[in-house]
Amino acid sequence: KAGVTQTPRYLIKTRGQQVTLSCSPISGHRSVSWYQQTPGQGLQFLFEYFSETQRNKGNFPGRFSGRQFSNSRSEMNVSTLELGDSALYLCASSLDRPNTGELFFGEGSRLTVL
Amino acid sequence: AQSVTQLDSQVPVFEEAPVELRCNYSSSVSVYLFWYVQYPNQGLQLLLKYLSGSTLVKGINGFEAEFNKSQTSFHLRKPSVHISDTAEYFCAVSPSSNTGKLIFGQGTTLQVKP
């Protein structure tokens, strides 16, 4: 069974640009969550989508947005990039029923903002 | 609000020695507790979880943890570590098992020395 796939794995952008990251969850998983990981702030929850609806949202500015498609694939977008947006962005998927509380993480997309 | 404190940022230990990684949480409601491991350049992998029932939880790779409600702790232990256990370990809390939103601690780097 394929794991969570994130693309691209690495990317470099400049300040003011925007970026879109993609996440394909494990087959059958309908919940997708996004996290930002930085050395200073650690792992922080961005948002969660379930059945194309945002179910939870973290404390990030409106420049961070996401969506989920009918096939459960998800994208997140960051507009007007800032240097502080440099981070590893992790996507995780989970089963809804039966729910085991386990998140399955992808390997992440490493964003560098210059 | 919920929070998680991992009391040690780095734990050096010799191979085959026992190890304990400490985690304390704060919450006014019932919680679900998790330990995840992250190897270099990889995503997170679930080691073990406490949802309910027995307070001693066994996970993968010989790890176990004990949920202590009175001390609001969920320490991770392994009786004998291997070089391959070198990684970063994250404790996390959630108010529900049915959510992709986890609150993570800052992480503990376990360094196993030969």
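The values are calculated or read from the model by the stated rules, or taken from the named source; none is laboratory data. For clarity, every value in this text was computed on a predicted model and none was experimentally measured. Note that each Cβ is placed from the backbone with ideal geometry, even for glycine, and that neighbours are counted across all protein chains shown. SASA here: full protein model, heavy atoms, side chains in, ligands and nucleic acids out. Shrake-Rupley method; radii C 1.70, N 1.55, O 1.52, S 1.80 Å.
Which ³J(HN,Hα) values in Hz, rounded to whole numbers, follow from the phi angles of the range B:101-114 under the Karplus curve 6.51 cos²θ - 1.76 cosθ + 1.60, where θ = phi - 60° and Gly and Pro get x?
9, 10, 9, 9, x, 6, x, 10, 8, 8, 10, 9, 9, x
Would you please give the residues with an amide H less than 5 Å from that of A:GLY108, counting only those at least 5 places away or on a separate chain, with H modeled from the backbone geometry?
Answer set, sorted by chain and number: A:GLN6, A:CYS91.
Where in the range B:24-69 does accessible area fall by at least 10 Å² between the isolated chain and the complete protein assembly, at a 1.4 Å probe radius?
Buried on complex formation: B:PHE34, B:TYR36, B:GLN38, B:ASN41, B:GLN42, B:GLY43, B:LEU44, B:LEU46, B:LYS49, B:LEU51.
So for chain B, taking the charge dipole from beta-carbon charges (+1 Lys/Arg, -1 Asp/Glu), which of B:SER3, B:SER70, B:SER30 sits furthest toward the positive end?
B:SER30
Taking H placed 1.01 Å from N in the peptide plane, check which residues at least 5 places from B:LEU47 or on another chain put their amide H under 5 Å from its amide H.
B:TRP35, B:TYR36, B:VAL37
Explain nothing, just compute: Karplus ³J(HN,Hα) = 6.51 cos²θ - 1.76 cosθ + 1.60, θ = phi - 60°, for every residue of the range A:60-70 in order, whole Hz, x for Gly and Pro.
Rounded to whole hertz, the list is 10, x, x, 5, 9, 9, x, 7, 10, 9, 5.
How much net charge surrounds B:TRP35 when only the other residues with a Cβ under 15 Å from the Cβ of B:TRP35 are counted, with Lys and Arg +1 and Asp and Glu -1?
Result for the neighbourhood of B:TRP35: -2.
Expressed in nm to one decimal, what extension gain is obtained for the pair A:PHE60 and A:THR38 from 0.36 nm per residue of sequence separation less their Cα-Cα distance?
Result for the pair: 6.5 nm of gain on full extension.
Percent relative contact order of the range A:1-61, based on C-alpha pairs within less than 8 angstrom and at least six residues apart?
23 percent
From the backbone phi of the range B:52-60, what are the Karplus-calculated ³J(HN,Hα) couplings (6.51 cos²θ - 1.76 cosθ + 1.60, θ = phi - 60°) in whole Hz, Gly and Pro given as x?
Result, ordered by residue: 5, x, 4, 7, 9, 10, 9, x, 7 Hz.
What residues have an amide H closer than 5 Å to that of A:GLN17, excluding those fewer than 5 places away on the same chain, when H is modeled at 1.01 Å from N in the peptide plane?
Correct list: A:LEU81.
Taking the Cβ of B:VAL112 as the centre, find all other residues whose Cβ is under 11 Å away and add up their charges (Lys, Arg: +1; Asp, Glu: -1).
Neighbourhood net charge equals -1.
Return a whole-number percent for the relative contact order of chain B, with Cα pairs under 8 Å and 6 or more residues apart as the contact set.
Computed over chain B, the figure is 37 percent.
Under 30 Å Cα to Cα from B:LYS69, which lysines show up? Leave out anything in the same chain fewer than 8 places away.
Of all the lysines, those that pass the test against B:LYS69 - Cα under 30 Å, at least 8 places apart if same chain - are A:LYS57, B:LYS49, B:LYS58, B:LYS78, B:LYS101.
When a/c reaches 1.5 or more, the comparison of a/b and b/c decides; with that in mind, is the range A:1-103 rounded, prolate or oblate per its Cα gyration tensor?
In terms of gyration-tensor shape, prolate.
Testing the spin-label approximation: label points 7 Å from Cα along Cα→Cβ at B:SER54 and A:SER70. State their distance in nm.
Here the answer is 4.6 nm between the modelled labels.
Please label the shape of the protein assembly as shown as rounded, prolate or oblate, based on the square roots a ≥ b ≥ c of the eigenvalues of the alpha-carbon gyration tensor (a/c under 1.5 means rounded; beyond that, a/b larger than b/c means prolate, else oblate).
Cα axes put the protein assembly as shown in the prolate bin.
Between B:THR5 and A:TYR10, what is the spin-label point distance in nm, taking each point 7 Å from the Cα along the Cα→C-beta axis?
3.9 nm
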